[in-house]
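One structure is given here, and the rest of the page talks about it.
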Amino acid sequence: MWINKIEVFHLSMPMKFTFKSAQALLNHRETLVIKVIDELGTVGYGEVVAFNEPFYTQETLPDSKRVLLNRFLPQLLAREIKHPFEIHPWMDNVTYPMATAGVENALLDLFARRQHQSIMDTVFHEETQDAIYAGMVLGDLEITHLLNQIDDYLQEGYARFKIKIKPEDGFFKLKCIREKYPDLMLLADANRSFRVEQIPELKKIDELGLLCLEEPLAEENFLAYQKLQEQLTTPICMDESIQTVEDLKKAIQFKACQVVNIKVGRVGGMYYAQQMIELCRQHHIHFWIGSMMESGISKILHVHLASLKDNYIPGDLSSSRRYFSEDVIQPEIIASQGLIQVPKGPGLGVEIDEDILKSLTINHAILDRDML
Ligand SMILES: O=C(O)CCC(=O)C1=CC=C[C@@H](O)[C@@H]1C(=O)O
Ligand SMILES: [Mg+2]
């Protein structure tokens, strides 16, 4: 197939509240939506989920945009491709995983639509669930507010909660939650905020029966993780420490974690996400599906991925309305009684509301094969 036209929409989505983690404060979300159109007029969408600042991983949205417009997208227009995964050898999943994933995801959506297949059927040849359990992520909130939010979302049907923590009060907050909800499905994400000297705090957290502890250590070193995992019964979960398949192999070799949070953007696309999932399966490492406070285009892809039957726990996947007053996909993502339905149609299985997309766009670029 040939890609004849590509559009890049730079979105600015106002958020309903400020999201606070150990590393970041977010009150609006900028992302890039890539729309690809082939010679038959088939359309596919993908999202580049980099943040404006490098608080999570190194790649920033201005970096992604520059490399896309100057290199990746003109190259894509210039060659015939038979399968979306063919782009990987000439794209750069190490320096620009999120830009790479955005292009690959758009091509996969288009390719699956051409084949009249769902995106999961084009990549994974296995049975999947029709619905997935939703999961709530709560930022670093003041304790009364945090407990109230858990009450509210429990009533809405959410059963799994991930709390953002930092060394100063992480144990205190988790202990308060545990006292009030002894059986809650609870995990914590420290986003690399605890130094090795603060391991005693992590040992206290270890007593609280968490499903896993995500990215506890500031030290970016698998040996430190291995030593920590030996001292904890709570499984350590890696997120930003694993960006490439090589990172995962190394983490397995070091026994640095027992769980991996898979995010398609962070790892450079479905091609690498699939390889990581297969590696996890071979080495008895649990995996589950994260998210990036993104628009529905990337989020629904993660809903699809979370429909794999051997997911460890419900993902960071909640209703579109939790973060944004409007989403660019139709139907938007709705968690009802704690469940999200997995769309069945071709590709991502959702439509893009171009009016909403355009109303959120702050910059728009068009690349045409005729212009090469
Ligand atoms: O999308 C969500 O619901 C929240 C996801 C989330 O917690 C994160 C998204 C992006 C960057 C990180 O700070 C964080 C994470 O580390 O998992
Ligand atoms: Mg995380």
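The values are calculated or read from the model by the stated rules, or taken from the named source; none is laboratory data. Keep in mind that what you see is a predicted model, and the values were worked out from it rather than measured. Don't worry about glycine lacking a Cβ; one is built from the backbone with ideal geometry, like all the others, and counts go over all protein chains shown. Accessible surface areas use protein heavy atoms only, side chains included; no ligands, DNA or RNA. Shrake-Rupley method; radii C 1.70, N 1.55, O 1.52, S 1.80 Å.
Quick notes on this one:
- Carbon/sulfur fraction of accessible area - the chain, other protein chains in place, 1.4 Å, %: 50 percent
- Within the stretch 1-106, the trypsin sites (Lys or Arg not before Pro) that combine a DSSP coil assignment with at most 13 other C-beta atoms in a 10 angstrom radius are 79, 82.
- Gap separating the Cα centres of the stretch 248-267 and the stretch 4-72, nearest whole Å: 24 Å
- Interchain or long-range residues, amide H under 5 Å from residue 118's placed H: 347
- Inter-centroid distance (Cα atoms) of the stretch 322-365 relative to the stretch 168-193, Å: 31 Å
- Cα-Cα P(r), the stretch 122-341, percent of pairs per 10 Å interval: 8, 34, 37, 19, 2
- GluC sites (Glu not before Pro) within the stretch 120-207, DSSP loop, no more than 11 other Cβ atoms inside 10 Å: 126, 127, 142
- Share, in percent, of DSSP beta bridges within the chain that are antiparallel, nearest 5: 60 percent
- Efficiency of FRET between residue 126 and residue 351 - r from beta-carbon atoms, R0 35 angstrom, step 0.05: 0.85
- Scattering from the stretch 136-176 was approximated by placing one identical point on each alpha carbon and applying the Debye formula without solvent; log10 I(q)/I(0) at 0.28, 0.30 1/Å stands at -1.01, -1.12.
- The distance between label points at residue 94 and residue 227 comes to 2.8 nm (points 7 Å beyond Cα on the Cα→Cβ vector).
- Averaged per residue, the stretch 141-289 has 41 square angstrom of accessible surface, using a 1.4 angstrom probe with ligands and nucleic acids left out.
- Cys residues of the chain that find no other Cys beta carbon under 4.7 Å: 176, 257, 280.
- The average projected area of the chain, computed from the convex hull of its Cα atoms over all directions, is 16.8 nm².
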